[in-house]
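The block underneath contains the structure these notes are about, expressed in structure tokens.
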Amino acid sequence: MVFKKTNNQYQHCQIVNQLNLLNLIRSLDPEFQTKLPSVAINCTQSQFTNVVISDALINLQHQIYPRNLRIEITLGKSLKQINLLIAQAENYRQHGIQVSLDAVDQITNFDVVAPFILQTREIKFGLNGRNTDRQLLQFWQTAARRNRKRFIVYNVETDDDIDLLDDLDIALRQGNYYSEADKLITEQSA
């Protein structure tokens, strides 16, 4: 995800053009220090299948090995060229790149995206506070389980979100709720 500094604050850029994304990928130093075993890059459908960006991502994977590169693709509501997406995902996988299907809460036609799920490592669902569709969340949890994919829920912000995920027995979570380390340390048992 890309952030831009404006007025001494970092703001998330919703859209990053192809050239900027390519320059960011090429600027990553393969010797960067991290304790994490992987690096994630979010892509749109067109970025995911763009030949120049694809080559840059594959080169990055080879440079950062043994760390893994994970591409988190957001398909949105209008899926384009499913066969091209599947072929590109297989190409990435052959180079050791993991593919994650992001923002599945926005997908409206499961049948169209089902063949692509086979090429992914994980499925990510974004909560929408009180507007989260519990049935849709359960649907994607079941789809992930049925396809033997990791299921991650993000945008976890409140105690109500935690209760919902606890109720559905969803273990993998991301969100601002977890950035409050003091709260977690004092409220959670060892």
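The values are calculated or read from the model by the stated rules, or taken from the named source; none is laboratory data. Everything quoted here is computed from the prediction, not taken from an experiment. Heads up, the Cβs are rebuilt from the backbone with ideal geometry, glycines too, and the neighbour counts pull from every protein chain shown. When the accessible area is computed, the model is the full protein with side chains, heavy atoms only, and any ligands, DNA or RNA have been set aside. Shrake-Rupley method; radii C 1.70, N 1.55, O 1.52, S 1.80 Å.
Here the Kirkwood formula, the inverse mean of 1/r across different C-alpha pairs, assigns the chain a hydrodynamic radius of 18.0 Å.
Taking the 1.4 Å solvent-accessible surface of the chain as the whole, the part contributed by carbon and sulfur is 48%. Taking Cβ atoms as reference points and 15 Å as the exclusive limit, the residues near residue 98 contribute a net charge of +4, counting Lys and Arg as +1 and Asp and Glu as -1.
Under a Gaussian network description of the chain, with springs only between Cα atoms under 10 Å, the residue in 12, 62, 95 that fluctuates furthest is 12.
The helix-only estimate of mean residue ellipticity at 222 nm for the chain, built from DSSP H runs of length n ≥ 4 each weighted as -39500 (n - 2.57), is -12000 deg cm²/dmol after division by the residue total.
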